[in-house]
Amino acid sequence: MATNRTFTMLKPDAVEKGHIGAILEKISAAGFRIVAMKLTQMTQNDAETFYAIHKERPFFGELVTYMTRGPIVAAILEKENAVEDFRTLIGATNPADAAEGTIRKLYAASIGENAVHGSDSDQNAAIEGAFHFSGREMF
Ligand code: UDP
Ligand code: MG
């Protein structure tokens with residue numbers, strides 16, 4: 001994947017609350033092009049694999065339960081400086097620390113249920129995008 005791409009998930013809390021449209025509007029208004037997108041639900045194995053880097057953390061079990069409890073929107077986004085600019089758009093992991101106007105400030109309930117995922121590096125964007133999409137699903 002080119003380095004001008006990032007990967008995102010609108011997490012189960014955001015989907016449950018009906019925030020898909022509002023969040024996609026913010027993403028679009030910030031200049032990201034949608035390269036791939038789908039509504040899907042992660043299995044326990046999917047979530048354990050996707051978040052394997054956190055498996056020793058105390059919140060891992062809760063994180064897997066949360067991420068598998070309902071559908072998510074998975075998407076690959078394209079923009080110059082995509083990874084960094086998308087992390088800025090979503091705000092800090094804990095919505096209490098997130099800047100005004102960020103997606104997490106607007107839509108996240110807590111550090112656990114924080115509405116949206118954004119890749120933290122170009123390398124992880126490529127790995128995470130490929131986890132959810134095959135080449136022929138990317139436009
Ligand atoms: N998380 C949590 N408790 C914490 C830290 C993180 O439940 O103390 C969850 C939260 O959903 C977060 C995800 O685990 O988005 C991954 O954590 P990370 O530190 O990678 O945050 P992110 O990159 O999503 O900002
Ligand atoms: Mg992270």
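So, restricting to helices (runs of 4 or more DSSP H) that lie completely within the stretch 18-79, which ones have at least 2 residues that are in contact with a Lys or Arg (Cβ under 6 Å, 6 or more places away or on another chain) and surrounded by fewer than 12 Cβ atoms within 10 Å (Cβ to Cβ)? Explain how you work it out, then say what you get.
Values: elements: 20-29, 44-50, 60-68.
Of the helices (runs of 4 or more DSSP H) lying wholly inside the stretch 18-79, none has at least 2 residues that are in contact with a Lys or Arg (Cβ under 6 Å, 6 or more places away or on another chain) and surrounded by fewer than 12 Cβ atoms within 10 Å (Cβ to Cβ).
Across the stretch 129-139, which residue is farthest from ligand 2 (Cβ to nearest atom) among those that are outside any loop (DSSP other than H, G, I, E, B) and either without any contact (Cβ under 8 Å) to a residue 12 or more places away in the chain or touching a helix residue (DSSP H, G or I) at 6+ places or on another chain (Cβ under 7 Å) (or both)? Per the criteria, the residue is Arg136.
Close contacts from the stretch 58-71, counting a first residue that is over 16 Å from Ile20 (Cβ atoms) and a second that is of a type in the set (S, T, N, Q) and in a helix (DSSP H, G or I), with Cβ to Cβ under 9 Å and a gap of 6+ residues or different chains, come to Val64/Gln44; Thr65/Gln44; Thr68/Gln44.
Which condition does Val83 not pass, out of (1) over 17 Å from Arg33 (Cβ atoms); (2) assigned to a helix (DSSP H, G or I); (3) within 14 Å of ligand 2 (Cβ to nearest atom), if it passes all the others? For Val83, the exception is condition (1). Taking Thr88 as the residue in question, decide whether it is within 16 Å of ligand 2 (Cβ to nearest atom), without any contact (Cβ under 8 Å) to a residue 60 or more places away in the chain, surrounded by fewer than 16 Cβ atoms within 10 Å (Cβ to Cβ) and not in a loop (DSSP other than H, G, I, E, B). Taking the combined requirement at face value, the residue satisfies it. When Arg136 is tested against (1) away from ligand 1 (no atom under 15 Å from the Cβ); (2) surrounded by 23 or more Cβ atoms within 10 Å (Cβ to Cβ); (3) among the basic types (Lys, Arg), just one condition goes unmet, and that condition is (2).
Is it true that some residue in the stretch 101-123 is away from ligand 2 (no atom under 16 Å from the Cβ), among the aromatic types (Phe, Trp, Tyr) and in a helix (DSSP H, G or I)? Scanning the stretch 101-123 turns up at least one residue that is away from ligand 2 (no atom under 16 Å from the Cβ), among the aromatic types (Phe, Trp, Tyr) and in a helix (DSSP H, G or I). May I ask you to list the residues in the stretch 14-41 that are more than 16 Å from Gly101 (Cα to Cα), more than 13 Å from the chain's Cα centre (by Cα) and within 16 Å of ligand 1 (Cβ to nearest atom)? The answer is Glu16, Lys17.
So, Ala98, is that one farther than 15 Å from Ala30 by Cα, within 15 Å of ligand 2 (Cβ to nearest atom) and touching a Gly at 6+ places or on another chain (Cβ under 8 Å) or not? So Ala98 fits the description; yes.
Each value in this text was obtained by applying a stated rule to the coordinates, not by laboratory testing. Just so it is clear, the structure is predicted and the values come from calculations on it, not from any experiment. As a convention, Cβ positions derive from the backbone with ideal geometry for all residues, glycine included, and neighbour counts pool all protein chains shown.
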